[in-house]
1. Expected output is a single nm value to one decimal: the length gained when fully extending between residue 92 and residue 148, i.e. 0.36 nm times separation in residues minus the C-alpha distance. What is it?
2. Pick out, in residue order, every one of the trypsin sites (Lys or Arg not before Pro) in the stretch 90-174 that is DSSP loop and has at most 12 other C-beta atoms within 10 Å; say none if there are none.
3. Please state, rounded to one decimal and in Å, the Kirkwood hydrodynamic radius that the chain gives when every pair of distinct Cα atoms enters the mean of 1/r.
4. Net charge near residue 75: determine it from the other residues with C-beta under 9 Å of the C-beta of residue 75, scoring Lys and Arg +1 and Asp and Glu -1.
5. Could you tell me the calculated FRET efficiency between residue 39 and residue 1, based on Cβ-Cβ distance and R0 = 30 angstrom, to the nearest 0.05?
6. Comparing 157, 28, 134, which has the greatest mean-square fluctuation in the GNM of the chain with Cα pairs linked when under 10 Å apart?
7. Report the FRET efficiency, 1/(1 + (r/R0)^6), for residue 107 and residue 26, where r is their Cβ-Cβ distance and R0 is 25 Å, rounded to 0.05.
8. Before rounding to the nearest 500, sum -39500 (n - 2.57) across all DSSP H runs of length at least 4 in the chain and divide by the residue total; then give [θ] at 222 nm in deg cm²/dmol.
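Readers should treat all values here as calculations from the given coordinates under stated rules, not as data from a laboratory. Keep in mind that what you see is a predicted model, and the values were worked out from it rather than measured. Here the Cβ positions follow ideal geometry from the backbone for every residue, glycine too, while neighbour counts run over all protein chains shown.
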Amino acid sequence: MTLYYTFVFGILAFEMVMFLLLALPVPSKFRKPITMALIKPFRLTQVQVAIKCVLAFILLLFVDTINRVYSINSELSQTPLASGVSDRNEVQSRKFYAQRNMYLTGITLFLTFTVFRTYGLVWELLEMKEKFRSVPDKMNVEDLRKQIEAADKKIASMKERAESLQADMSGSNN
């Protein structure tokens, strides 16, 4: 494997570790520090620019490998079976390496977007949990009873109004 595909494989392994750390079922009190530690270096603008450049490079490699696979497929389909077996084996081995590189770059790009989306979902979940926990539990039983009594009084007064309106309507109809 050439140096740049080795580099892409290293990125893929790093992304798999990141995804694993984000997807593991960890208690919230540990998840927030872990998530913050994972994402802290990626908030720097220099790192973001470098990531975008690396992703563009991987995308170019992906497009190149797709073109290479198509050209090797056309070469393989044009090669007659009667020609040398070694020629056909050589073309098939090139096809294998081209396909391997295509899958390597493609899954790396896919996992990059998956990791970023997973991070966003985990961060949103942590914020929602924090908001839920920060709501004070000021309502006690006495407050709830007072609210129920006030609602019952409102309902009783509305029933009286409805009965009086009904009586007025039935009296005006006669």
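1. Full-extension gain reported as 12.3 nm.
2. 138
3. This gives a value of 22.7 Å.
4. Taking every Cβ under 9 Å from that of residue 75, the sum is +2.
5. With a Förster radius of 30 Å, E is 0.50.
6. Ranking 157, 28, 134 by mean-square fluctuation puts 157 first.
7. Using R0 = 25 Å, I get an efficiency of 0.50.
8. -31000 deg cm²/dmol
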